[in-house]
1. Going by the conditions given, is residue B:282 buried (at least 17 other Cβ atoms within 10 Å of the Cβ), within 29 Å of the chain's Cα centre (by Cα) and either part of a loop (DSSP other than H, G, I, E, B) or modelled with pLDDT under 90 (or both)?
2. What are the residues in the range B:364-376 that are farther than 12 Å from residue B:425 by Cα and facing chain A (nearest Cβ under 7 Å), if any?
3. Restricting the range B:167-183 to residues that are surrounded by fewer than 21 Cβ atoms within 10 Å (Cβ to Cβ) and within 30 Å of residue B:447 (Cβ to Cβ), which is modelled with the lowest pLDDT?
4. Within the range B:324-351, can you find the residues that are touching a helix residue (DSSP H, G or I) at 6+ places or on another chain (Cβ under 8 Å) and either within 14 Å of chain A (Cβ to nearest Cβ) or under 28 Å from residue B:482 (Cα atoms) (or both)?
5. Within the range A:99-126, how many residues are buried (at least 19 other Cβ atoms within 10 Å of the Cβ), touching a helix residue (DSSP H, G or I) at 6+ places or on another chain (Cβ under 7 Å) and within 20 Å of residue A:185 (Cβ to Cβ)?
6. What residue, of B:180, B:157, is in contact (Cβ under 8 Å) with a residue 24 or more places away in the chain and touching a strand residue (DSSP E or B) at 6+ places or on another chain (Cβ under 7 Å)?
7. Quick one: which residue in A:44, A:126, A:66, A:99 is part of a helix (DSSP H, G or I) and under 16 Å from the mean Cα position of the chain (by Cα)?
8. Only one of (1) touching a helix residue (DSSP H, G or I) at 6+ places or on another chain (Cβ under 8 Å); (2) in contact (Cβ under 8 Å) with a residue 60 or more places away in the chain; (3) surrounded by fewer than 19 Cβ atoms within 10 Å (Cβ to Cβ) fails for residue B:495. Which number is that?
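The values are calculated or read from the model by the stated rules, or taken from the named source; none is laboratory data. Predicted, not measured: the structure shown is a model, and the values here were computed from it. Cβ placement follows ideal geometry from the backbone for every residue including glycine, while neighbour counts extend to all protein chains displayed.
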């Protein structure tokens, strides 16, 4: 007989190791589709590892890929902690990016010391605005934020395409639907010469640390956690639930907006409608893998970026599809969810005792 | 003489025998070597505090839990004792064990008849043999006196009627042993008396009953024999005629709990007034009709009533969770424009919520965090918007020791505490704020005697110190023990009681106007 029992207190080490074990298991499971694709498995893993850690360039590429994932991962983690299901980071990312190109391409031609903070601020505000709307619908009409944030993604993407064909279109762009380039002083400095990794990464790391402290140590974070864990007890205790949720929504939206800003002014330098290959959605996986801990988001983002970059180079070298990366990421999420179950419950196998008649 | 009583006991025929049952959950011993016998036509009371192991024992009997050790014997059709297959509810039902849970397991949109017969007929039967079933049920009703209209949907029945349906369900499955888990918890005194009459009639027909209860009065009045559990062990067994209230209470709690004495105090100024409050609500449960009440300093105002007559709505109103359609709330002498939970907390209204898991605690936050949940804006808790951990921990530690909150420590999640300790933690939070007004909604529901008397002691102490207390409770004894004045609520209407007469209040709770 198999029974599910509540695990009352699972050790910290155990909880900590679950995401790591899940990540490793998902990588091991990746051998199955690799074998189906006819690749030499040992070689494939080697190429993958080299593609991520083999050179400074490879490492820089991985960190570049991790940067937006840290922002969107934080956006999801903060919101999910308060049980506010923001699925709209993708749209908020583009809102932030649009704000960046609206300001950074020549409207304000001022020194970088002023321009950069202004761009970042407006990017955050734009992202936050993208979350305030669903929040207002939620508190006013009780509309489920999962639906509204998700659907807003498509509205925003179409709005973006309209803007790139219209007001934001680069007049020198030979008709391509892309924005004018960001002014030189509006770009974030890169961290290494001739490498793509940029200081958006530093901003992301600092924000993760700050958020970690705020969620665990501040009154704001306390309220956020109370609202997330038991909204009716929080309301009963006089915590302004709607105000708390609005704060969380703004914070989450701003972080997602920042992901867009960082991609535009750190990496690309201009905006197209394919700026993000789903960073907003992947951020959800990052946050779940991180157990909704801001510091954990850093590790999870690095892992997922490694998988993507590694699988890219593997597909180039071995001729297997790079969709394998998506598969590994998906499997790691499933492994974490199973791991989360295992950390809270345990399965026990019991033999039924034979009843004897005395 | 003792021997004689025992031999008398032996002569009655056994129907069920639990032998040395033990059950552990992790490191917690829920039942430790418990044995008991049940005789034909007997009413056996199973008494014990919360967490004493009554429910675990019955769940093993009914096959919900698998015992770690021990066995259960039950008579078969040929009147021979036979071991019961353990851990299988189906086997228990076939052997003739019926269980009426505290929370009913009925389908509201089906009729009484359908609820009784559901699950008995074979899935492959092409048509139900309705006539035969109907006849059988009518026969049972006639013998037991459990009168219910068979074609009424269960959703339209009162609580007492629903309970009858549950019992009929068990009897329809040819139960010879009926387990009643706190059957009177949801009933008015009058309904309870009817239930007892019915059960007595059934036992005369050979049914054996195990009756689980907290309420000593009922147990003494109603049962033939009493078995007392404490900390999972059987600590006492006696014939009811040899038992007295004091000795049983002592066995249940292990030591004598001093019952707090209420002293007469002159009441002071009014602290909280509700003036002509009305709420439309969608049903009887959440309607209030032109309610007025005043709570004064040094006063406990008791609100008696069967649950589901507007108490929850009244409590939510005072907690600021609902706005009245009409009427006014006055705190002290000033009218409150908009009562929100925040205003309520600021005004120093301490609340012991009815559903402590839903409204009282955040289960996945620590005990320390739960204790400071309502005092986030205080200087000792926060510094520049950040939590003052050292100060919070020392506050929590002090309160846990002075309110005797036992558990894995102040840094453990609150959900890991037992029900009684959760309530003590809530008491610590409420009383440490020195509230002027206290709203205590079913404060002792589901608590064992030790924890319940602690709650009562704290309420009386607060009254002595000048607080005004609004006590909402289903437990009439508790209301009569604590209150200075009593109001009865029925269908959202409040009626003041002039002389505190048990019978009269019971009748009013059942909705009779006097």
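1. So residue B:282 does not fit the description; no.
2. B:364, B:365, B:374, B:376
3. B:182
4. B:329, B:339, B:341, B:344, B:349, B:350, B:351
5. 12
6. None of the other options fit; the residue is B:180.
7. Being part of a helix (DSSP H, G or I) and under 16 Å from the mean Cα position of the chain (by Cα) holds for just one of A:44, A:126, A:66, A:99, which is A:66.
8. With (1) touching a helix residue (DSSP H, G or I) at 6+ places or on another chain (Cβ under 8 Å); (2) in contact (Cβ under 8 Å) with a residue 60 or more places away in the chain; (3) surrounded by fewer than 19 Cβ atoms within 10 Å (Cβ to Cβ) applied to residue B:495, the lone miss is (2).
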